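J.: Below: one structure in structure tokens.
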Amino acid sequence: PLDRPALVLWGRHDPYLRVSHAERQREAFPRAEVRVLERSGHWPFADDPAAVAEAVTGFLARHAVAQPDRRAVGVA
């Protein structure tokens, strides 16, 4: 498991991968935010781009923190 933020977007109507696989992502990423998109299938970014954009921008707004340039402070 990797203890870091992760966003999982899953289409409720995916004909290939059941929605139960979405929650299983927490086995690798315990803090994963799992969002099941009700109007999507296998390709959420094509089925519902507005919902994907909203989820991704919200996730980044909560988790994207400016990291110091480690080279500038002498950390390898």
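The values are calculated or read from the model by the stated rules, or taken from the named source; none is laboratory data. All values reported here derive from a predicted model rather than from experimental measurement. Ideal geometry is used to build each Cβ from the backbone, glycine not excepted, and the neighbour counts take in all protein chains shown. Please note that ligands, DNA and RNA were not included when accessible areas were found on the heavy atoms of the full protein model with its side chains. Shrake-Rupley method; radii C 1.70, N 1.55, O 1.52, S 1.80 Å.
J.: In region 25-53, what count of residues is obtained for those that are surrounded by fewer than 13 Cβ atoms within 10 Å (Cβ to Cβ), under 13 Å from the mean Cα position of the chain (by Cα) and modelled with pLDDT of 95 or more?
T.: So the answer is 1.
J.: Here's something else I'd like to know. So, in region 1-38, how many residues would count as being under 15 Å from Ala55 (Cβ atoms), in contact with a strand residue (DSSP E or B) (Cβ under 8 Å, 6 or more places away or on another chain), in contact (Cβ under 8 Å) with a residue 24 or more places away in the chain and of a type outside the set (Val, Ile, Thr)?
T.: Selection size over region 1-38: 11.
J.: Just to verify a result, which residue in region 1-24, among those that are small (Gly, Ala, Ser), more than 21 Å from Val65 (Cβ to Cβ) and outside any strand (DSSP E or B), is most open to solvent (accessible area, probe 1.4 Å)?
T.: Filtering first and then ranking leaves Ser20.
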